[in-house]
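Q: Here it is: the structure, laid out below.
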Amino acid sequence: MTIYDNYIGVRDELARACASAERNPRDVRLLAVSKTVGPEGVREAYDAGARDFGENRPDQLMEKQPLFPDARWHFIGNIQSRRIKDIVPHAYMIHSLYQMRHAVKIADEAARVGKRQRVLVEVNVSGEESKSGIASDEVDGFVDECLGLASLEVCGLMTMAPQGDLPEARRCFAALREIRDATRSRLLAQGDEEAANSFVELSMGMTDDWREAVAEGSTIARIGRAIFQA
Ligand SMILES: *Cc1c(COP(=O)(O)O)cnc(C)c1O
């Protein structure tokens, strides 16, 4: 199988999974996580129709984004303060925000380059020690602080589920959806319609668990190996 064929296969399977979940395939973005391949690998997926790519290293993001400027490049990796200036100019969306000092710095950098930076708040739903993200009960406070930063557009939530236990992963995805829905309702009740309208995304699901994530409302499936591994 080639990357081209893999992408078409995943795209079609995702469309079928949406149909069985009674969801519109347009509501689930297929994010091709290209961190393991070079620009030629990206090209194959691009030729198959991919327009959303995910990278977890600033250097890779900086290299690939200018080569495919009409694609949307998502930063899904660990954020380091000193690399924020490298990430912001190239990122359509940053998925892995969970520290307020980074939020402030991202907002400053976005203002400096004249953009509004889309961000997702990473939540550690399972509470596993090894996972990054804020705790579920910290979401309200964190989101409110981010909403105070005018150069950020807070677009929703991201999570990584525990591996090797699909029922548990599904519970995490359902929990993240509930947090998003509750946050939207709270923002609406506060009269902040604009913030509520932006707060729609659920970045959840990877190669091994995207079917569970789509069944629970994922709007962005981050898929690497199923596309880029031979
Ligand atoms: C690598 C990575 C993915 C893709 O994982 P696969 O299992 O290869 O599909 C998704 N999200 C994040 C944050 C990643 O680092």
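The values are calculated or read from the model by the stated rules, or taken from the named source; none is laboratory data. For clarity, every value in this text was computed on a predicted model and none was experimentally measured. Ideal geometry is used to build each Cβ from the backbone, glycine not excepted, and the neighbour counts take in all protein chains shown. The area values use the complete protein model at the heavy-atom level, side chains included, leaving out ligands, DNA and RNA. Shrake-Rupley method; radii C 1.70, N 1.55, O 1.52, S 1.80 Å.
Q: Which FRET efficiency, nearest 0.05, do residue 108 and residue 178 yield, Cβ-Cβ r, R0 45 Å?
A: Plugging the Cβ-Cβ distance into 1/(1 + (r/R0)^6) gives 0.90.
Q: Sum -39500 (n - 2.57) across every DSSP H segment of at least 4 residues in the chain, then divide by the residue count to get the 222 nm mean residue ellipticity, nearest 500.
A: Helix contribution divided over all residues of the chain: -13000 deg cm²/dmol.
Q: Where in the chain are the helices, taken as whole DSSP H runs, whose Cα atoms extend 18 angstrom or more along the long axis and whose Kyte-Doolittle mean reaches at least -1.0?
A: 3-20, 100-113, 166-189
Q: If I take every Cα pair under 8 Å that is 6 or more residues apart in the chain, average their sequence separation and divide by the length, what percent do I get for the relative contact order?
A: Taking the mean separation of contacting Cα pairs over the length of the chain, I get 21 percent.
Q: Could you state the number of Å between the C-alpha centres of the stretch 149-220 and the stretch 59-102?
A: 20
Q: Given a 1.4 Å probe, how much area per residue of the chain is accessible, in Å²?
A: Result: 46 Å² per residue.
Q: Ok, one more. Under 20 °C and 1.002 mPa s, how fast does the stretch 1-76 diffuse according to Stokes-Einstein, given a Kirkwood radius computed over C-alpha pairs? Answer in µm²/s, whole number.
A: Translational D for this selection: 166 µm²/s.
Q: Also, quick follow-up: Hey, if you drop one equal point scatterer on each alpha-carbon of the chain and run the Debye formula without solvent, what base-10 log of I(q)/I(0) do you get at q = 0.08, 0.11, 0.15 Å⁻¹?
A: Result of the Debye calculation: -0.27, -0.52, -1.00.
Q: How would you rank 154-161, 64-71, highest first, on the average number of other Cβ atoms within 10 Å across their residues?
A: Ranking, from highest mean packing down: 154-161, 64-71.
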